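Data block below; observations after.
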Amino acid sequence: MNRLSDTPTEIPDELYDMCGQARRVVVLTGAGMSAESGVPTFRDPIDGLWENFEPEQLVSVEGWRTDPGTVWAWHLWFAALISKCSPNPGHRALGRWARTWQRREAGTVEVITQNIDDLHERAGLIPISHLHGSITTFLCSQCGAKAQSVLSYPKEPSAHIMPPRCPVCGGYIRPAVTWFGEELPRKDIDAAVEAAMGCDLMLVVGTSGTVHPAAGLPRLAAGRGVPIIEINPRDTALTHDMDIVWRESAAVALPALVDGVLGDHE
Ligand code: NAD
Ligand code: ZN
């Protein structure tokens, strides 16, 4: 493994060569991708209203069953926070890379994200797979009807808010995210596995590699001899499988890499 250590934004020729030779790049993103936009990761200390809760309680089927008011209040708070954040230079760099390669017919850049925010979309790149769903979409937990109109953010975050009722069947409204204890959306899993099996380079950005099955995707690609590269300021559960480890943040590394690969600015 080639570990790029302490020199921020130092990009090895090897990585340029890999990107130059690739025709289908897949980028797997996790919570660290959006950290510099101001969206906290689950490993960041949670303070205020939620400090006594484990993330697993707030984003689990069990939590929803036993305490829907707390789970709903947390999701409203998180959705409101995301609505005030903007894509960071890392999101924008990936969008630029994908658009430029498409225009030049040089190859494809696809994103598989574990994030439930919409910051890739707002940077002009629609992920081929939203493995854990989306917190910007709401539906009925009983009949599945879409329920955007029932949503309103409280002025002040509150620790407990009961979810609104579905206008069709009276069931509770929930966000269209996948909680611990639920199956991942089939189409997103299928798209992610197909991409891992079809790519010729995989970048793994800002994920701790502890949430499965997403964490298994880099190994699928590596098993076919595809180079896998980690961009993350810290070691992760995936680090020792990597061909290259770049200890840099997403918003610094990705613009530097993409500018270098494209050879100019769009
Ligand atoms: P995680 O919280 O387990 O780990 C975050 C990873 O990001 C860590 O490895 C950390 O070192 C790294 N990181 C922190 N700052 C970074 C930066 N600036 N640049 C690059 N990397 C950085 O995240 P996970 O692996 O995605 O798993 C947690 C689950 O929580 C996911 O399923 C995800 O859906 C959900 N989640 C989503 C969001 C979001 O949508 N933005 C935020 C928090 C959690
Ligand atoms: Zn309903």
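The values are calculated or read from the model by the stated rules, or taken from the named source; none is laboratory data. Predicted model only: the values in this text are computed from it and were never measured. Note: ideal-geometry Cβ built from the backbone for every residue, glycine included; neighbour counts use all protein chains shown.
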Inset, instruction - With the condition kept exactly as written, say whether any residue in region 168-179 is within 14 Å of ligand 1 (Cβ to nearest atom) and out of contact with any strand residue (DSSP E or B) (no Cβ under 8 Å at 6 or more places or on another chain). - result: no
Restricted to region 103-147 and to residues being over 22 Å from the mean Cα position of the chain (by Cα) and among the polar types (S, T, N, Q), the residue farthest from ligand 2 (Cβ to nearest atom) is S141
- Query: Does region 177-189 contain at least one residue that is crowded, with 19+ Cβ neighbours inside 10 Å and in a helix (DSSP H, G or I)?
  - Reply: yes
Quick check on region 115-137. Is at least one of its residues surrounded by 17 or more Cβ atoms within 10 Å (Cβ to Cβ), more than 20 Å from V59 (Cα to Cα) and at pLDDT below 95? no
Among the residues of region 120-152, the number that are within 14 Å of W179 (Cβ to Cβ), within 15 Å of ligand 1 (Cβ to nearest atom) and in a loop (DSSP other than H, G, I, E, B) is 2
Within region 61-98, the residues that are within 13 Å of ligand 1 (Cβ to nearest atom), surrounded by 16 or more Cβ atoms within 10 Å (Cβ to Cβ) and not hydrophobic (A, V, I, L, M, F, W, C) are H75, P87, N88, P89, G90, H91
Taking region 56-71 and keeping residues within 21 Å of the chain's Cα centre (by Cα) and over 23 Å from T210 (Cβ atoms) leaves none
Just to be sure, is G198 surrounded by fewer than 19 Cβ atoms within 10 Å (Cβ to Cβ) and more than 18 Å from P127 (Cα to Cα)?
-> no
Of those in region 153-172 that are in contact with a Cys (Cβ under 6 Å, 6 or more places away or on another chain) and of a type in the set (A, V, I, L, M, F, W, C), the residue surrounded by the most Cβ atoms within 10 Å (Cβ to Cβ) is C166
inquiry  = Is it the case, given these coordinates, that P154 is more than 16 Å from ligand 2 (Cβ to nearest atom) and at pLDDT below 95?
reply    = yes
Of the residues in region 165-192, those that are within 16 Å of ligand 2 (Cβ to nearest atom) and more than 17 Å from F78 (Cα to Cα) come to R165, C166, P167, V168, C169, G170, G171, Y172
Going through region 21-75 in order, the residues found to be charged (D, E, K, R) and either within 16 Å of ligand 2 (Cβ to nearest atom) or closer than 30 Å to G107 by Cα (or both) are R23, R24, E36
Inside region 201-248, the number of residues satisfying the requirement of being loosely packed, with under 15 Cβ neighbours inside 10 Å and on the phi > 0 side of the Ramachandran plot is 1
For L220, indicate whether it is more than 19 Å from S129 (Cα to Cα) and either modelled with pLDDT under 95 or away from ligand 2 (no atom under 16 Å from the Cβ) (or both). no
Those residues of region 221-244 which are touching an Asp or Glu at 6+ places or on another chain (Cβ under 8 Å), within 13 Å of ligand 1 (Cβ to nearest atom) and not in a loop (DSSP other than H, G, I, E, B) amount to I229, I231, T239
- Can M197 be described as over 15 Å from the mean Cα position of the chain (by Cα) and either assigned to a helix (DSSP H, G or I) or under 26 Å from P87 (Cα atoms) (or both)? yes
